[in-house]
Number of protein chains: 2
Amino acid sequence: MLTYTVGSSKQRQKVSTMEVEEKIQNLWQELRDLSLGNPPKVDHLRTPPTPLQFLRDYVNPNKPCLISAATHHWPALSLWPSTSYLWDTLSSTPVSLHLTPTGRADSLTPHPTSPSSLCFASAHVQTLPFEQALDRVLESDSKQVSYLQEQNDCFRAEYGALSRDCEEDIPWASEALGCRPEAVNLWIGNHFSETSFHKDHYENLYAVVTGEKHFLLLPPTDFHRMYVREYPAARYQYHQDTGEFTLELEDPIRVVPWSSVDPYPLHEEIQREFDKFPLYFDGPKPFEVTVKAGEMLYLPSMWFHHVRQSPDNSGLTIAINYCNNDSSSF
Amino acid sequence: MLTYTVGSSKQRQKVSTMEVEEKIQNLWQELRDLSLGNPPKVDHLRTPPTPLQFLRDYVNPNKPCLISAATHHWPALSLWPSTSYLWDTLSSTPVSLHLTPTGRADSLTPHPTSPSSLCFASAHVQTLPFEQALDRVLESDSKQVSYLQEQNDCFRAEYGALSRDCEEDIPWASEALGCRPEAVNLWIGNHFSETSFHKDHYENLYAVVTGEKHFLLLPPTDFHRMYVREYPAARYQYHQDTGEFTLELEDPIRVVPWSSVDPYPLHEEIQREFDKFPLYFDGPKPFEVTVKAGEMLYLPSMWFHHVRQSPDNSGLTIAINYCNNDSSSF
């Protein structure tokens, strides 16, 4: 057994690796309790907080909250569940469609040339007229998944025709943070698409318009449990003629730090994943938060989140998120 | 000239100590600009901020502000400038009086047994009936200085009879910070007392009731310019019979980290002090803020502050300060 010598010359003592590990575990737990409160929970608010409450009780302590009656006044809530409304309003507007064979873009997948290791795969991105793109989303299946999204402020850049259906910003959040959103993104997909565990460096307000989003959330203090490792970046290429995908490494090689944890491993891989990532699977469970139509999740910066979704009757999940930098910290 | 080797193996290069020093200077300057804005200034508000403005625009970015009409509704403003009101109201209430031969308590002074070095000297603290204690403050001279103060929540602990003359807390600050003050302190002194450069770990709201306080302020980013060093702690002993002070080292020895900088050195010591502390004297000037009767200074945690004071017509400077921990950060 390895031993370490710790402490000042007067207190020097030998401690085993097990003792060191136990001390580290306790430190992690204390840090978690301090940051989350005990018992840890995600607050559920009936109505939006005041700007002061939002800043003081959620943004400053970096705590998520779910708000029920967040967007009930948006026309989008009644309009967007109708695909014909979307078709009529956007018609042939060019939009960005993300294509993958698995529904998992920006996620880990076997390396194209050495399949025993993993790479970080991004979607094939295609610009299409909205009608065609929406058809492709609705036709997604287990071999080809289309997701209407583009995280670079796509709602304002591509979906201007829908802007009057919701708000340009979330007023109580803009007032609290002292700035308007840096990016507003629209997400039109369904249960075939899944977002792997990652964290963003901005304050995120995530409003579901139709369908449901299922979040797993873990605080920044759990970083050590996420097994963030560096993976080579690759991108799917979709071949129209064959309807097949290839996966191509970026050239020159670029590495992306990403969480190695898949919280929902396939049945046959469960034991292997449990053995590889014990700090995740044996530790505290992530918060499970379902965001329904009309609800909004405040997802603080640096929180790890994993997202799955359920469609509405028309087969779609539509959400919009507002990204803010917290200028009040500077 | 000393040289260092920096960078990765590919970029390895020799740089001189002067180049390293220049890079560090630039880094300090950038950090300062980022934290203070450019040009750096202390905001001057006519009326108190809303709780949201206070939290978002001052507490979160750790920026001081001076508020003009902060306490105009306090009876204290008209009552406390009258020494007869104070005498009548407090009469023989026991209070803590701080005595020094110099007016500089909690400050550096020559070491009692090796005068070429310095020690950190605290005041002689005496409990006296208020009438006598106030007389002693008014009789302060350049050989014996009395200051009515005790930083351990003395306003609530010793001056309850004055509590109705001002507020128990500053409502907009308590609402912003999500907590009531941990300590409220009263300070009754005059121009003979001076507070040396130091920083506190709490949010500080400093209201002047009569007379004026003259603050020098430097942000936490200027720590390296304050020459914080460790000094042995000592305490003045006042000998009633001779009217003399002795300075006695604490036993066992205790060291106190304290700023070595006196911003107003005696004329004959100016050159020596300039030579010893070039980063302070050659660098950006501290903010100079005078707080008048009825005004309030928000002094953010970790800001270095040095305080001098001017008395009112009755020969006193009276101030009250509210110490808050910023619970919103947890």
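The values are calculated or read from the model by the stated rules, or taken from the named source; none is laboratory data. Remember, predicted model here, so these are calculated numbers, not experimental data. Every residue, glycine among them, receives a Cβ derived from its backbone with ideal geometry; neighbour counts consider all protein chains shown. Areas reflect the complete protein model, heavy atoms only, side chains present, ligands, DNA and RNA absent. Shrake-Rupley method; radii C 1.70, N 1.55, O 1.52, S 1.80 Å.
Within 15 Å of the chain's Cα centre (by Cα) and either in contact (Cβ under 8 Å) with a residue 60 or more places away in the chain or open to solvent by 10 Å² or more (accessible area, probe 1.4 Å) (or both) - does that describe any residue in the range A:162-180?
No, there is no match, as no residue in the range A:162-180 is within 15 Å of the chain's Cα centre (by Cα) and either in contact (Cβ under 8 Å) with a residue 60 or more places away in the chain or open to solvent by 10 Å² or more (accessible area, probe 1.4 Å) (or both).
Quick one: A:F192 ticks every box in (1) under 21 Å from the mean Cα position of the chain (by Cα); (2) open to solvent by less than 50 Å² (accessible area, probe 1.4 Å); (3) of a type in the set (F, W, Y) bar one, so which box is it?
Tallying (1) under 21 Å from the mean Cα position of the chain (by Cα); (2) open to solvent by less than 50 Å² (accessible area, probe 1.4 Å); (3) of a type in the set (F, W, Y), A:F192 fails exactly one: (2).
Go through the range B:59-81 and give me each residue that's exposed (fewer than 14 other Cβ atoms within 10 Å of the Cβ) and over 21 Å from B:F215 (Cβ atoms).
B:H73, B:P75, B:S78
Please specify each residue of the range B:55-67 satisfying the condition of being outside any loop (DSSP other than H, G, I, E, B), within 14 Å of another protein chain (Cβ to nearest Cβ) and touching a residue at least 60 places away in the same chain (Cβ under 8 Å).
B:L55, B:Y58, B:V59
So which of A:L52, A:L118 ends up being in contact with a Pro (Cβ under 8 Å, 6 or more places away or on another chain), more than 21 Å from B:A176 (Cα to Cα) and either within 14 Å of chain B (Cβ to nearest Cβ) or open to solvent by 50 Å² or more (accessible area, probe 1.4 Å) (or both)?
When all the criteria are applied, what remains is A:L118.
I need the full set of residues from the range B:68-83 which are touching a residue at least 24 places away in the same chain (Cβ under 8 Å) and either small (G, A, S) or closer than 17 Å to B:C323 by Cα (or both), in order please.
B:S68, B:A69, B:A70, B:T71, B:A76, B:S82
Among what's in the range A:275-297 and is assigned to a strand (DSSP E or B) and touching a Phe, Trp or Tyr at 6+ places or on another chain (Cβ under 6 Å), pick the residue that is nearest to A:P171 (Cα to Cα).
My answer is A:L297.
Which pairs do you get when a residue that is free of Cβ contacts under 8 Å to residues at least 12 places away in the same chain, found in the range A:237-260, comes within reach of a residue that is among the β-branched types (V, I, T) and open to solvent by less than 60 Å² (accessible area, probe 1.4 Å), reach meaning Cβ atoms under 8 angstrom, with the pair 6+ apart or on two chains?
Matching pairs, first to second residue: A:H239/A:T246.
If you take the residues of the range B:277-292 that are of a type outside the set (A, V, I, L, M, F, W, C) and without any contact (Cβ under 8 Å) to a residue 40 or more places away in the chain, which of them is least open to solvent (accessible area, probe 1.4 Å)?
For the range B:277-292, the residue satisfying everything is B:P278.
Any idea which of (1) open to solvent by 50 Å² or more (accessible area, probe 1.4 Å); (2) at the interface with chain B (Cβ under 9 Å from one of its Cβ atoms); (3) of a type outside the set (K, R); (4) not in a helix (DSSP H, G or I) is the one A:P39 doesn't satisfy?
(2)
Among the numbered criteria (1) in contact with a strand residue (DSSP E or B) (Cβ under 9 Å, 6 or more places away or on another chain); (2) at pLDDT 95 or above, which one does B:A105 miss?
Going through (1) in contact with a strand residue (DSSP E or B) (Cβ under 9 Å, 6 or more places away or on another chain); (2) at pLDDT 95 or above one by one, B:A105 breaks only (2).
Please go through (1) away from every other protein chain (no Cβ under 14 Å); (2) under 30 Å from B:D57 (Cα atoms); (3) hydroxyl-bearing (S, T, Y) for A:T221 and return the number of the only condition it doesn't satisfy.
All conditions are met except number (1).
Could you check how many residues of the range A:292-313 are within 13 Å of the chain's Cα centre (by Cα) and farther than 16 Å from A:P263 by Cβ?
6
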